[in-house]
Ligand SMILES: Nc1ncnc2c1ncn2[C@@H]1O[C@H](COP(=O)(O)OP(=O)(O)OP(=O)(O)O)[C@@H](O)[C@H]1O
Ligand SMILES: Nc1ncnc2c1ncn2[C@@H]1O[C@H](COP(=O)(O)OP(=O)(O)O)[C@@H](O)[C@H]1O
Ligand code: SF4
Ligand SMILES: [Mg+2]
Ligand SMILES: [Mg+2]
């Protein structure tokens with residue numbers, strides 16, 4: 001397969017394509033050894049991510065879709081420097097993140113935050129909501145910019161939590177509230193990039209809508225750049241400026257939101273779109289609901 | 001024709017420090033052979049407790065079957081002994097659980113777990129069940145299943161674990177399948193395959209299905225009837241086509257509006273219409289309608305008295321709302 005050229009004609013949002021990309025992923029590979037029992041040869045590998053190249057521009061939302069097991073989480077974990085690639089590079093403002101020294105890595109970890117799929121498993125159950133959200137400030141206390149707002153109350157307010165919820169433990173919150181805690185923690189240090197791996201997949205449609213709106217509000221306010229992984233085409237349609245379609249570890253198509261949905265090029269993209277279950281006859285829009 | 005499953009006025013409550021938590025409250029419905037009932041509702045509204053009640057797997061205490069009957073082919077499930085119930089569970093009803101790790105054993109290879117289930121339910125020997133397990137895993141979309149059978153659950157991606165569990169549930173050839181958010185974690189193509197497998201089972205074995213999901217699209221394509229559940233109660237019950245063409249209950253309407261659609265284009269400044277607020281605490285329910293705090297149409301009577309689930313002029317439609325009494 002030839003290299004995929006990002007579609008630069010896209011009209012999406014306020015992306016500034018004149019500047020160089022914030023993140024540049026170059027021919028990234030990741031394989032895991034396959035457990036084949038006693039007799040399997042050790043040569044056999046699971047190729048989770050194969051030859052992935054893409055660019056991420058400041059202020060944009062890049063959606064990533066693809067079937068289960070196609071390597072989305074593996075890619076996200078490498079972007080967040082949680083996992084090392086087998087080959088290839090990820091460049092942040094031109095520098096390979098896997099060559100960073102300790103100090104550079106710490107700075108990168110502050111700039112690129114991760115939001116997990118499972119709001120149940122990803123929060124430390126022994127810490128209160130307040131402690132969870134404040135933890136990044138402790139970790140990075142030596143290298144924080146001066147103008148950063150470390151006021152817990154204002155951070156909690158930004159994600160729709162109230163001050164009196166500060167002392168409660170994760171198990172005392174609903175799934176949507178837990179995801180808000182995860183988001184609060186991720187934005188606390190004013191990162192540039194948020195890598196969100198299926199952040200709304202575990203949530204009800206009603207809560208999902210609230211969180212999706214929140215993510216868009218926060219993006220407007222802080223000029224955040226998102227990598228947003230989802231298997232839900234409706235969610236991807238709502239949130240993304242550009243979309244990368246992954247299939248068996250590879251990116252098979254990258255296009256602007258409108259291009260991808262209105263003029264899909266790759267057969268797998270078409271399969272994906274055809275498989276989306278539809279509400280036969282859409283519900284009639286009897287009333288305009290108020291936002292909020 | 002008599003129904004495969006008849007649930008009549010079922011209430012399952014939990015005793016908690018705050019008092020009785022009414023997880024399932026006065027729920028009634030009937031399900032016929034080969035039919036699918038979709039159940040939709042927000043997390044915590046009682047969907048899982050309803051299916052656990054049918055399986056009689058609610059932990060008692062703290063749980064309590066407060067009222068009602070569950071009849072499966074005329075058999076009164078709530079009055080069976082535990083031994084008898086275990087037989088029903090193994091043979092006639094199987095459940096796909098929401099959390100795959102609850103039905104997968106972390107210390108056994110997945111192949112062993114699937115073939116064990118097949119051996120138990122289809123009465124075949126080890127070699128056969130081993131082959132069938134590989135076949136079953138292939139059917140649910142696991143690639144290179146002859147290698148994957150040697151994996152332990154933690155070596156699979158979340159979606160793959162879900163599929164292994166679905167393979168096990170399908171292998172039981174049940175009369176009634178309870179599928180609790182079976183495809184929520186899966187992408188659309190795999191989801192479509194799995195729903196097709198469940199539909200095959202319906203056609204070939206006449207299996208009836210209760211499909212719990214928050215994906216209304218999945219319901220629209222796979223269920224004949226749909227119940228909208230809110231805070232322990234059914235608030236709307238209808239044929240699928242009617243429900244989507246004309247949602248009646250304000251909650252149903254709000255849900256349908258809050259879904260992002262692939263047909264729509266959403267510019268940067270577009271936001272989704274939301275249902276404000278959160279579900280009420282099931283142990284501290286308000287007097288009157290349970291949806292009153294979030295309802296755009298709330299009237300004075302809604303705060304005083306709880307509406308009943310009332311049949312509409314269309315005989316297959318029921319709504320619990322003062323607007324339609
Ligand atoms: N620690 C590991 N050991 C072995 N194989 C792994 C490991 N982590 C991931 N894999 C394999 O890598 C592939 C990609 O996994 P990944 O978790 O990235 O998928 P995904 O696209 O996020 O899927 P899902 O939508 O189900 O979450 C899968 O085949 C998976 O089994
Ligand atoms: N073992 C239990 N003890 C006490 N409360 C429970 C128990 N299991 C469920 N509940 C409560 O019952 C209600 C319904 O839960 P559930 O059926 O799991 O909801 P869902 O619709 O998300 O499946 C919730 O308020 C939940 O907290
Ligand atoms: S009964 Fe009243 S509060 Fe409840 S859903 Fe109907 S209109 Fe709304
Ligand atoms: Mg994943
Ligand atoms: Mg549940």
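Quick note: the coordinates plus some simple rules give every number you see, no bench work behind them. Small disclaimer: the values here were computed from a predicted structure and weren't measured. We place every Cβ from the backbone using ideal geometry, glycine too, and count neighbours over all the protein chains shown.
Order these by the 10 Å Cβ neighbour count, fewest first: A:24, A:164.
If I rank by nearby Cβ atoms, fewest first, I get A:164, A:24.
If only Cα atoms are counted, what is the Rg of region B:121-189, and what is its Dmax, in Å?
12.5, 35
When the scattering of the protein assembly as shown is computed by the Debye formula from its Cα atoms alone, each counted once and equally, what is log10 I(q)/I(0) at q = 0.06, 0.09 Å⁻¹?
-0.33, -0.77
In Å, what Kirkwood hydrodynamic radius results for region B:272-325 from the alpha-carbon pair distances?
Values: mean 1/r = 0.0810 Å⁻¹.
For region B:272-325, inverting the mean 1/r across all distinct Cα pairs yields 12.4 Å.
So what's the angle, to the nearest 10 degrees on a 0 to 90 scale, between helix B:188-205 and the longest Cα principal axis of chain B?
With both axes taken from Cα atoms, the answer is about 80 degrees.
When you look at the Cβ of every residue in B:251-259, what mean number of other chain Cβ atoms sits within 10 Å?
Counting other chains' Cβ atoms within 10 Å and averaging over B:251-259 gives 6.
Within a 10 angstrom radius of the beta carbon, how do B:202, A:216 rank from fewest other beta carbons to most?
Working: B:202 18, A:216 21.
With the fewest neighbours first, B:202, A:216 line up as B:202, A:216.
How many partner chain Cβ atoms sit within 10 Å of a residue's Cβ in peptide B:215-223, on average, as a whole number?
Counting Cβ atoms of other protein chains within 10 Å of each residue's Cβ and averaging gives 4.
How much of the pair distance distribution for region A:12-275 lies past 28 Å, counting alpha-carbon pairs only, in percent?
On the way: 12580 of 34716 pairs.
Percentage above 28 Å: 36.
Taking other Cβ within 10 Å of each residue's Cβ, how do B:252, B:183, A:19 sort, fewest first?
A:19, B:252, B:183
Enter the Cα centre distance for the pair region B:210-272 and region B:11-50, rounded to the nearest angstrom.
18
Estimate the FRET efficiency between residue A:138 and residue B:205 by the formula 1/(1 + (r/R0)^6), using the beta-carbon distance for r and 41 Å for R0, to the nearest 0.05.
My answer for the efficiency is 0.10.
Springs between alpha-carbon pairs under 10 angstrom, Gaussian network model over chain B: which of B:265, B:230, B:251 fluctuates most?
Among B:265, B:230, B:251, the largest GNM mean-square fluctuation belongs to B:265.
Ignoring everything except DSSP H segments at least 4 long, calculate the 222 nm mean residue ellipticity for chain B; use -39,500 (n - 2.57) per segment, divide by total residues, nearest 500.
Calculated at 222 nm, the ellipticity per residue is -9500 deg cm²/dmol.
Set the Förster radius R0 to 30 Å, insert the Cβ-Cβ distance between residue A:107 and residue A:221 as r into 1/(1 + (r/R0)^6), and round the FRET efficiency to 0.05.
Result of the calculation: an efficiency of 0.85.
Taking the 0 to 90 degree range and rounding to the nearest ten, how far is the long axis of helix B:82-91 tilted relative to the main principal axis of chain B, both from C-alpha atoms?
70
Provide the convex hull volume over Cα atoms per residue for chain B, in Å³.
Value for chain B: 160 Å³ per residue.
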